[in-house]
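The values are calculated or read from the model by the stated rules, or taken from the named source; none is laboratory data. Just so you know, these numbers come straight off a predicted model, no measurement behind them. With ideal geometry, Cβ positions are generated from the backbone for all residues, glycine too; neighbour counts draw on all protein chains shown. Surface accessibility is based on the protein's heavy atoms, side chains included, excluding ligands, DNA and RNA. Shrake-Rupley method; radii C 1.70, N 1.55, O 1.52, S 1.80 Å.
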Amino acid sequence: MAITLPYEFDSSGVVKQIMGGVLGLLLVVLVGVFYSFLVSHSTAATIQLLLIAAIITYFGRLFLRNLPGSLGTITLDAVVVQPGELLGIRLTGPAGRFPISQFQAVRVERVPNPIGIPIDIQIKPHERVYLVGK
């Protein structure tokens, strides 16, 4: 299926959803830390929850460094790419204006919805954009 130009893409949706889940989980654990420390006065629970928060932070940093997410526009003469952002945190990915002559191919691959998902569940379509240099 051909695309029409200019084509706007956003490959950061899945990454934002993953990082939002990590931040939400970290928030819940930190609330538990404060509750354990200030209300229940349980030192053991506070230490355990702090260890869990440290592990969540470690994996969150790994995800943030290794999951690329960008948005941009493909036109006849250039590809303009901007890095995705989540709560002011820049996601990994290229940024800038690249002349179309630098690329051997520009491929947009739409990812279909998973099989077995009920029709009434709304899933946003997403895509992968490959910029193949010369």
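Hand me the list of strands (runs of 3 or more DSSP E) wholly inside the range 23-134 holding 1 or more residues that are modelled with pLDDT under 95 and exposed (fewer than 13 other Cβ atoms within 10 Å of the Cβ).
Qualifying strands (runs of 3 or more DSSP E): 96-99, 103-111, 126-133.
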Filtered residue count, the range 86-100, keeping only those that are touching a residue at least 60 places away in the same chain (Cβ under 8 Å) and farther than 13 Å from Leu131 by Cα: 4
Odd one out for Gly20 among (1) loosely packed, with under 14 Cβ neighbours inside 10 Å; (2) in contact (Cβ under 8 Å) with a residue 60 or more places away in the chain; (3) over 12 Å from the mean Cα position of the chain (by Cα): (3)
Looking only at the range 1-13, and only at residues there that are open to solvent by 70 Å² or more (accessible area, probe 1.4 Å) and among the aliphatic types (A, V, I, L, M), the one that is modelled with the lowest pLDDT: Met1
